[in-house]
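**Q** Dumping the structure here so I can ask a few things about it.
The values are calculated or read from the model by the stated rules, or taken from the named source; none is laboratory data. Since the structure is predicted, the reported quantities are computational estimates derived from the model, not experimental observations. Counting neighbours? That spans all protein chains shown, and the Cβs are built from the backbone with ideal geometry, glycine included.
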Amino acid sequence: MNDHPTPTPKHSVHLIALTGAAGCGKDTAGQLLASIALASNLDATVTGFADPIRQMLAAIIPMEYMTDRALKEAPVPHIGYSYRALAQTLGTDYGRVLMPGLWVRLKEAQLYGAAAAQAPLTKPVVHIVTDVRFEDEAAWVRRHGGTLLRIHREAAVSVREHESEWAWPHLRADAEIDNNGTLLQLRERLALALVRTITKHNHPDRRAA
């Protein structure tokens with residue numbers, strides 16, 4: 001049961017969220033979507049449910065272990081665990097088991113809380129969330145009338161086994177995005193998805209073709 005009623009987003013706020021395997025290109029897709037939105041005279045934000053986790057771990061882990069894909073699976077000196085292991089443990093064992101719904105509540109407050117609601121909007125804005133992994137996160141996207149895109153890339157490299165890498169294939173996505181071609185092809189597919197998201201939001205009774 002939801003004890004925190006979801007406020008209705010302003011008409012000019014659109015939400016697009018991304019899911020898919022680690023290394024499939026979610027962050028790249030998020031940045032491309034933002035550039036497409038800006039080029040279309042829209043504002044854009046790019047965030048993730050895991051942003052607070054990265055901010056907490058940044059206090060104890062050298063930045064290169066968090067940003068260099070080759071180091072994300074390597075043990076951090078003087079700690080003995082990889083960034084991936086620490087992030088998964090903090091995100092799930094703490095943020096999902098001890099404090100269920102924590103990351104969704106934080107994202108809700110960031111994008112739709114009191115401070116965000118008071119900020120004047122001079123143009124439509126697209127909120128892009130790059131890391132949906134669990135059903136409660138996908139459900140939050142749906143409650144806000146958002147679009148969930150699943151990114152596919154055959155070259156995605158397997159990472160440390162964890163439940164955060166098991167749930168995403170079973171989430172109900174609104175569209176599947178092939179990321180096995182060029183960046184230009186990916187950009188074109190994302191541009192179409194953005195148009196369909198805005199159309200769906202402005203005309204909720206009209207289904208995208």
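**Q** So, in the range 76-111, of the ones that are within 25 Å of His144 (Cβ to Cβ) and outside any helix (DSSP H, G or I), which residue ends up modelled with the highest pLDDT?
**A** Among those residues, the one meeting the criterion is Gly101.
**Q** Within the range 64-83, restricting attention to residues that are without any contact (Cβ under 8 Å) to a residue 24 or more places away in the chain and closer than 22 Å to Leu106 by Cβ, which residue is surrounded by the most Cβ atoms within 10 Å (Cβ to Cβ)?
**A** Per the criteria, the residue is Met66.
**Q** How many of the residues in the range 7-49 are exposed (fewer than 15 other Cβ atoms within 10 Å of the Cβ) and at pLDDT below 90?
**A** So the answer is 4.
**Q** Can you name the residue in the range 93-115 that is over 16 Å from the mean Cα position of the chain (by Cα) and either within 16 Å of Phe49 (Cβ to Cβ) or of a type in the set (Asp, Glu) (or both) and, of all such residues, is surrounded by the most Cβ atoms within 10 Å (Cβ to Cβ)?
**A** Within the range 93-115, the match that is surrounded by the most Cβ atoms within 10 Å (Cβ to Cβ) is Gly95.
**Q** Quick one: is Glu161 modelled with pLDDT under 95 and either within 18 Å of the chain's Cα centre (by Cα) or farther than 16 Å from Leu33 by Cα (or both)?
**A** Yes, satisfied.
**Q** Still on this structure, please answer the following. Report the residue count in the range 30-50 for those that are touching a residue at least 24 places away in the same chain (Cβ under 8 Å) and within 13 Å of the chain's Cα centre (by Cα).
**A** Residues meeting the conditions: 9.
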